[in-house]
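The values are calculated or read from the model by the stated rules, or taken from the named source; none is laboratory data. Computed from a prediction, not measured in an experiment: that's the story for all the values here. So basically every Cβ, Gly included, is an ideal-geometry build from the backbone, and we count neighbours across all protein chains shown. Please note that ligands, DNA and RNA were not included when accessible areas were found on the heavy atoms of the full protein model with its side chains. Shrake-Rupley method; radii C 1.70, N 1.55, O 1.52, S 1.80 Å.
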Amino acid sequence: MKTALISGITGQDGSYLAEFLLSKGYNVHGIIRRSSSFNTGRIDHIYSDPHEQRVPLTLHYGDLTDSMGLATLIQRIKPDEVYNLGAQSHVAVSFDMPEYTADSVAMGALRLLEAIRWADQPVKFYQAGSSEMFGKVWEVPQRETTKFYPRSPYAVAKVFAHDMTVQYREAHDIFACNGILFNHESPRRGATFVTRKVTRGIAQILAGEMHKLYMGNLDAKRDWGYAKEYVQAMWTMLQQDCPDDYVIATGEMHSVRELIEYAFGVVGLDPDQYVEIDPRYFRPTEVDQLLGDATKARERMGWEPKVGFEELVRIMLAHDLREHGVDLSPWPDLDAVPPDAPAFPQVAALVGEGV
Ligand code: NAP
Ligand code: GDD
């Protein structure tokens, strides 16, 4: 049985990756941060009391800013694979908290790489890189060879982590891979990222809880994919013969305005009546457009996205409408979307009924 350690297991990707690795028979360990309120909502359904030993999932307190803690965890757990998904991952927030963002994103990756370098056994490493590194893009679409032009403290920190991952691969012969993932979303997406803000906002409007949705730059364009498919690419990278870097993307680009128009249209609402612009959401430097070319991932690893933009929006809308108690029967298309959890059938079997 292989053992994996995930930083950021409580986040969107961490929760899907944990489910995916459990479905592959892994012994999964995750790092969680101490918090005064519960932060395990995305993994509660797969966690079982350690005394019962139903699911091979163990959680450890830790933080990417704490070198000694990370090194100790790697010494104790002896993972075969480490997935570094932990991060202050909100681009807008990174302008307000540049130092903390760099500490968790850039230095966090370095701390894990150092711990792996001195581990007693070989450890494979996955670094959660971002299309934000392309920033003010040099070419369209962006691929592995496209030069970076980061436009936020978050993106600068991710470039450091990317370069450091290559550095440790070349200098210390570590099986270390960078996934350069374009935006990926799901019903588990944080509520302040634009897709979820829109689908949740629509649910709140329909539930009578909100009357206006305040948004930022509607002209920004992104390549949005489905998170559940993207975590499979992370694992696949670490199963290749040689470590390498891969762009993971859909190759489809839409503006925030198109997102809003499509999502409101699905439930028959006119966005002009509900959406207002609040300049507070504008960023000091913006990334105008991102469009990925995942040809290398397709040719080398056989990875391809299946869920497109419209299906993704419907999956998220259906979830948010249900969560806000909105009756879906007027929209049979949404009503037919299955609930989000459990993500992988084998995990459903592990955790049993009532997930
Ligand atoms: P997310 O939902 O924001 O999750 C981030 C995770 O990192 C959470 O588990 C969070 O813990 C944890 N974390 C934050 N600061 C930490 C620290 N100092 N020490 C340890 N853990 C910390 O992000 P995501 O969307 O799942 O993304 C996963 C990774 O992929 C991130 O590194 C992100 O930057 C990167 N990425 C994401 C996308 C995307 O579109 N989603 C695209 C490219 C790259 P709490 O739950 O306690 O806050
Ligand atoms: N969050 C947010 N809120 N974004 C808005 C809003 C709003 O009200 N209005 C417009 N936008 C625009 C942002 O300015 C940005 O251009 C775009 O919508 C997407 O914003 P986010 O959903 O916050 O994502 P992001 O692209 O900045 O960053 C996400 O994707 C990166 C990969 O490209 C994050 O998940 C990063 O962690 C990830 O690396």
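So for the chain, taking the charge dipole from beta-carbon charges (+1 Lys/Arg, -1 Asp/Glu), which of Val140, Phe264, Ser37 sits furthest toward the positive end?
Projecting each Cα onto the dipole axis, the largest value belongs to Ser37.
Test of the criteria: in region 284-322, which trypsin sites (Lys or Arg not before Pro) are in a DSSP loop and have at most 16 other Cβ atoms within 10 angstrom of their Cβ?
Numbers: sites: Lys296, Arg298, Arg300, Lys306, Arg314, Arg322; in loops: Lys306.
Answer by residue number: Lys306.
Express the carbon and sulfur contribution to the solvent-accessible surface of the chain as a percent, rounded to the nearest whole number, probe 1.4 angstrom.
C and S atoms contribute 50 percent here.
Ordering Leu269, Leu5 by accessible area with a probe of 1.4 Å, largest first, what comes out?
Leu269, Leu5
Could you list the chymotrypsin sites (Phe, Trp or Tyr not before Pro) in region 17-115 that lie in coil according to DSSP, counting only those with at most 10 other Cβ atoms within 10 Å of their Cβ?
Phe38
Taking 18 Å as the cut-off for C-alpha to C-alpha distance, list the pairs among Lys136/Lys158; Lys2/Lys158; Lys197/Lys306 that go past it.
Violating the 18 Å limit, Cα to Cα: Lys2/Lys158; Lys197/Lys306.
What GluC sites (Glu not before Pro) in region 47-126 are in a loop by DSSP, with at most 16 other Cβ atoms within 10 Å of the Cβ?
Filter output for region 47-126: Glu52.
Give the accessible surface of region 93-204 per residue, rounded to a whole number of Å², with probe radius 1.4 Å and ligands, DNA and RNA excluded.
In whole numbers, region 93-204 has 38 Å² accessible per residue.
Please turn the phi angles of region 228-242 into ³J(HN,Hα) values with the Karplus equation 6.51 cos²θ - 1.76 cosθ + 1.60 (θ = phi - 60°), one per residue in order, whole Hz, x for glycine and proline.
4, 6, 6, 5, 5, 5, 4, 5, 4, 4, 6, 9, 6, 5, 10
For Asp49, Asp293, give the ranking by accessible area with the largest first, probe 1.4 Å. Spell out each step's value before the answer.
Details: Asp49 65, Asp293 35 Å².
Sorted by accessible area, descending: Asp49, Asp293.
Amide H neighbours of Gln289 under 5 Å, counting only residues 5+ apart in sequence or on other chains, H built in-plane at 1.01 Å?
It is Val137, Lys221, by chain and number.
Leaving out ligands and nucleic acids, and using a 1.4 Å probe, what accessible area per residue does region 241-330 come to in Å²?
Numbers: 4570 Å² over 90 residues.
Value returned for region 241-330: 51 Å² of accessible area per residue.
For region 102-179 and region 282-297, compute the distance between their C-alpha centroids and round to whole Å.
That distance is 17 Å.
Farthest toward the dipole's positive end in the chain, which of Gly292, Tyr274, Val307, given Cβ charges of +1 (Lys, Arg) and -1 (Asp, Glu) about the Cα centre?
Gly292
Based on DSSP H runs of at least 4 residues, each adding -39500 (n - 2.57), what is the mean residue ellipticity at 222 nm of the chain after dividing by all its residues, to the nearest 500 deg cm²/dmol?
-11000 deg cm²/dmol
Under the rule of at least 5 residues apart or a separate chain, name every residue whose amide H is placed under 5 Å from the amide H of Tyr214.
Amide H to amide H, under 5 Å and 5 or more residues apart or across chains, Tyr214 pairs with Glu276.
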